[in-house]
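Here's the structure we're looking at; comments come further down.
Laboratory data are not the source of any read-out in this text; all were calculated from the coordinates shown. Values in this document were obtained by computation on a predicted structure and should not be read as measured data. Here the Cβ positions follow ideal geometry from the backbone for every residue, glycine too, while neighbour counts run over all protein chains shown.
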Amino acid sequence: MEKDIEKLVYKLVFENDEGADREIRKRADTQGIKLASTYNLYKARAKNEWDGFSVPAFNIRTLTFDTARAIFRQVLKKKVGAFIFEIARSEVGYTNQKMSEYVPVILAAALKEGFRGILFFQGDHFQIKAEKFFNERQKNEEISAVKELIKESIEAGAYNIDIDCSTLVKLNEKDLRDQQKHNFELTALLTFYIRQLELKNATISIGGEVGEIGGKNSTPEDFKAFIEGYNEEIKKFDKIEGLVKIAVQTGATHGGIVLPSGELKSVDIDFETLKKLSQEARKYGMGGAVQHGASTLPEECFDRFLESGAVEIHLATAFQNMVYDSSYFPAELNEKISNWLKKEAIKEKKPDETEEQFLYKARKKALGPFKKEIWGIPQKAKDKISEELEKKFAVIFEKLGVENTVDLINKYYIL
């Protein structure tokens, strides 16, 4: 039976075969795989029922089936229970992976590796585009688009949703509450919308965001202005559960910054602020703060994430980079992608950027258009790339302290 898993995945991804989707989900259920929300886990963290680890959240942009298999191999080897698979609104677009595809493809990887247990799927950075929100003709359309994305994701099995209205923060306002006003009002409105969609037996885990990643660093005062405004807003609704975590900006950028030399720029993460914000979040009944843009940071940073008490660490670009930069990734395909980007994405190149800097930033945009060709890389080469990725996942699991967390997860969830 398991020999045809790859065929089912191919039919699902490239033929949009609903039967393949149903079959994968049926087998996952039979094998004892249950989709869940991190709500119970994070509320327990707020009560200090556990500590000592930060939950890694993996964004898989390409070679999703093979990459997920590599993760599951380490999950089983290291008895990891606390980990998340997620995909952001932007990634859904440029990788051409809707949540309705992403979930069953990863379930298929779990089946292939013999995984049994709890899985968390998450909608990451379900972000409001400021330029549309502040345009009266496009505002309602933009909010509706995010609502539809939320609905589709929950229906697909993603019971964890990260709302990102940090793009609406008005830093030009003097008063902190006024700065965060649009952010907390819309986050509360979307929280109410999500609560109307959730299943009776699972409270969806919802995250908010104080500061835009790549922008001004967050402060405890920013967080307090946001959460107090947010809590006032949700009181307007009928006794609904609020946020269980808060994403903050501490100096990271998505994807990292590549220098003209081709090397990644060293980034200073404000770990002390991350620690303070996690502590403050727990005072409001939340699991802690969330760190975005972490995958391209030096490995020694991961020990400090653990020390900071951050509840969740988001990881994405490094895995994409490892695929593209692997010696097993076909050189001719890499060249074809680069030539395509120089033609199709050249408008994104800034005047002061080198070609190498431009291609580094832009190459994620090729993952959707070249999805089938990347899938078609010979399996032996994909296996070698997966082995390289697996070594990275092993380090992440160790550094974030999630080894041997299966029993803890089972404490809060029933299979």
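Which of the listed residues, Gln31, Gln320, Ile346, is farthest toward the dipole's positive end in the chain, when Lys, Arg count +1 and Asp, Glu count -1 at the beta-carbon? Result: Gln31. Take every DSSP beta bridge with both residues inside the chain and express the antiparallel ones as a percent of the total, to the nearest 5. Antiparallel bridges make up about 5 percent of those DSSP assigns within the chain. Counting every Cα pair in region 166-219, what percent are over 18 Å apart? The share of Cα pairs beyond 18 Å in region 166-219 comes to 41 percent. Calculated mean residue ellipticity at 222 nm for the chain: -16000 deg cm²/dmol, from DSSP H runs with n ≥ 4 weighted as -39500 (n - 2.57), summed, divided by the residue count and rounded to 500. According to the square roots a ≥ b ≥ c of the eigenvalues of the Cα gyration tensor, what is the shape class of the chain, taking rounded for a/c under 1.5, prolate for a/b larger than b/c otherwise, and oblate for the remainder? Rounded. I want to verify a result. In a Gaussian network model of the chain, Cα cutoff 10 Å, which of these has the top mean-square fluctuation: Arg45, Arg73, Arg22? Looking only at Arg45, Arg73, Arg22, the biggest GNM fluctuation is shown by Arg22.
Length gained on full extension, Glu6 to Lys200: 66.5 nm, using 0.36 nm per residue less the C-alpha separation. Calculate the tail of P(r) for region 95-241: the fraction of all Cα-Cα distances greater than 26 Å, expressed in %. Here the long-distance tail beyond 26 Å is 31 percent of all Cα pairs in region 95-241.
In this simple spin-label approximation, Ala381 and Asn135 carry label points 7 Å from Cα along the Cα→Cβ vector, and these lie 4.0 nm apart.
Set the bar at 30 Å for Cα to Cα. Now go through Lys26/Lys77; Lys34/Lys336; Lys98/Lys343; Lys216/Lys399; Lys77/Lys382; Lys181/Lys411 and name every pair that lies beyond it.
Among Lys26/Lys77; Lys34/Lys336; Lys98/Lys343; Lys216/Lys399; Lys77/Lys382; Lys181/Lys411, the Cα-Cα distance tops 30 Å for Lys34/Lys336; Lys181/Lys411.
Here the spin labels are modelled as points 7 Å beyond Cα on the Cα-Cβ line, and at Arg304 and Gln31 they lie 3.9 nm apart.
In the chain the longest region clear of GluC sites (Glu not before Pro) that are loop-assigned by DSSP and have at most 14 other C-beta atoms within 10 Å covers 300-415. By the count of other C-beta atoms within 10 Å, a proxy for reagent exposure, Val395, Val105, Val169 are ordered fewest to most as Val395, Val105, Val169.
Relative to the 2.2 N^0.38 Å rule of thumb, region 271-399 has a C-alpha radius of gyration ratio of 1.32.
State whether region 46-88 is rounded, prolate or oblate according to the following rule on the C-alpha gyration tensor (a ≥ b ≥ c being the square roots of its eigenvalues): a/c under 1.5 gives rounded; otherwise a/b larger than b/c gives prolate, and the remaining case gives oblate. Verdict is oblate for region 46-88.
Using +1 on the beta carbon of Lys and Arg, -1 on that of Asp and Glu, and nothing else charged, what's the dipole of the chain about the Cα centre, debye to 20?
720
Working from label points 7 Å from Cα in the Cα-to-Cβ sense, the Asn334 to Asn404 distance is 4.0 nm. Counted by neighbouring Cβ atoms within 10 Å, the residues Asp268, Asp17, Asp162 run from fewest to most as Asp268, Asp17, Asp162.
Output the relative contact order of the chain, whole-number percent, from Cα pairs under 8 angstrom with separation of 6+ residues. It would help to have the intermediate numbers written out before the result.
Numbers: 737 pairs, mean separation 92.9, N = 415.
Reported as a whole number, the value is 22 percent.
Between Lys216 and Glu373, what FRET efficiency comes out of the Förster formula 1/(1 + (r/R0)^6) with R0 = 45 Å and r the beta carbon distance, rounded to 0.05?
0.65
Eigen-decomposition of the gyration tensor built on the alpha-carbon atoms of region 1-53 gives equivalent ellipsoid semi-axes of 35, 12, 10 angstrom, largest listed first.
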